[in-house]
1. With the condition kept exactly as written, say whether any residue in region 226-234 is part of a loop (DSSP other than H, G, I, E, B), more than 14 Å from the chain's Cα centre (by Cα) and more than 10 Å from the ligand (Cβ to nearest atom).
2. Does C116 qualify as being farther than 23 Å from F153 by Cα, of a type outside the set (S, T, Y) and surrounded by 14 or more Cβ atoms within 10 Å (Cβ to Cβ)?
3. If you check every pair at least six apart or on different chains, which have Cβ atoms under 6 Å apart with a residue in region 206-223 that is of a type outside the set (D, E, K, R) first and a residue that is within 6 Å of the ligand (Cβ to nearest atom) and assigned to a helix (DSSP H, G or I) second?
4. Which residues, counting only those in region 199-218, are in a loop (DSSP other than H, G, I, E, B) and modelled with pLDDT of 95 or more?
5. Of all residues in region 165-180, how many are within 10 Å of the ligand (Cβ to nearest atom) and surrounded by fewer than 23 Cβ atoms within 10 Å (Cβ to Cβ)?
6. Across region 150-166, what is the total count of residues that are outside any loop (DSSP other than H, G, I, E, B) and either under 11 Å from the mean Cα position of the chain (by Cα) or of a type in the set (S, T, N, Q) (or both)?
7. Run D197 past the list (1) within 14 Å of the ligand (Cβ to nearest atom); (2) surrounded by 18 or more Cβ atoms within 10 Å (Cβ to Cβ); (3) of a type outside the set (V, I, T) and report the number of the one that doesn't hold.
8. Filter region 209-224 down to the residues that are farther than 17 Å from A33 by Cβ and either of a type in the set (K, R) or in contact with a Lys or Arg (Cβ under 6 Å, 6 or more places away or on another chain) (or both), then identify the one that is nearest to the ligand (Cβ to nearest atom).
Amino acid sequence: MRLLYRVQPGVRPARSARMLDEVDVEEVLRRLAAAHPGRSPGAKGPKGQPDAFRSCIACMLSAQSLDRNTAAATRNLFALARTPRAMLALDEERMVQAIRPCGLYNMKARNIRAFCAALLERHGGTVPDTREGLMALPGIGRKCADIVLSFTFGHDVIAVDTHVHRVANRIGLADARTADATAQQLDQHIPVWAKRDGHFWLIQHGKTICVARRPRCSICPVRDLCLWLQTGGAAAAGQAGINNG
Ligand code: SF4
């Protein structure tokens, strides 16, 4: 195993030292691809939406919301309006009531209106297919932009949610405090062939083996490369007897 920076044995390295080099990054991704092949059965675009406009809206509604609540809010809202113009024509109180299940509904309603107005004014109502274009629109951050680029437009982009962020940092594919910073690092450091499906491999790995509280390191296909394990993460987390799941 090679590190981008030298680490003293027995000393937990500073966060900036915790990244694998490009050879090991590729090897980790190859093994995760073999262990979790393809996209999850039934995996759809962001929140299952069929077009870029609805994907953006669904992504905005999903902030700090459980999937089932986001699903209820999107279902309610798209039953009333499915285009930027129809959304702007919608009575504000009706919009708020429709999206109430996903929380933060007043702020989200304001963002949706601002997003629709800017989309019409700058792009004639068509969602742009570049990160810069998407992130320049109100309410669209890096995560939403990358989800829409990857799922709806099919670009070679790795979308980073909290699960991808956690697993990527644990293994040493990234060393970042926020999901957006992890997205930037993965964009720079992982090979193009791994960008689209890497999202699924890391999520599947995080759900089945590298689970948050008690990772199943003894059956992990990347245990000889994982920096969290190699640099004492298990002991630090009070898991000297590594859990088999
Ligand atoms: S070795 Fe453990 S911590 Fe590292 S990726 Fe595997 S399950 Fe996660």
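1. Restricting attention to region 226-234, the residues satisfying the condition of being part of a loop (DSSP other than H, G, I, E, B) are 226, 231-232.
Checking the rest, the ones that are also more than 14 Å from the chain's Cα centre (by Cα) come to 226, 231-232.
After this cut, where a residue has to be more than 10 Å from the ligand (Cβ to nearest atom) as well, the list is 231-232.
Yes - at least one qualifying residue is present in region 226-234.
2. Working: farther than 23 Å from F153 by Cα: no; of a type outside the set (S, T, Y): yes; surrounded by 14 or more Cβ atoms within 10 Å (Cβ to Cβ): yes.
In short, no.
3. Filtered contacts from region 206-223: C217/L229.
4. Of all residues in region 199-218, those in a loop (DSSP other than H, G, I, E, B) come to 209-216.
Matches in region 199-218: I209, C210, V211, P215, R216.
5. Matching residues across region 165-180 total 2.
6. Taking region 150-166 as the starting set, the residues that turn out to be outside any loop (DSSP other than H, G, I, E, B) are 150-152, 162-166.
This time we only want the ones that are either under 11 Å from the mean Cα position of the chain (by Cα) or of a type in the set (S, T, N, Q) (or both), so: 150, 152, 162-166.
The number of residues fulfilling the criteria is 7.
7. Going through the list (1) within 14 Å of the ligand (Cβ to nearest atom); (2) surrounded by 18 or more Cβ atoms within 10 Å (Cβ to Cβ); (3) of a type outside the set (V, I, T), D197 breaks only (1).
8. C217
The values are calculated or read from the model by the stated rules, or taken from the named source; none is laboratory data. Since the model is a prediction, treat every value here as computed from it, not as a measurement. Cβ: placed from backbone, ideal geometry, glycine included. Neighbour counts: every protein chain shown.
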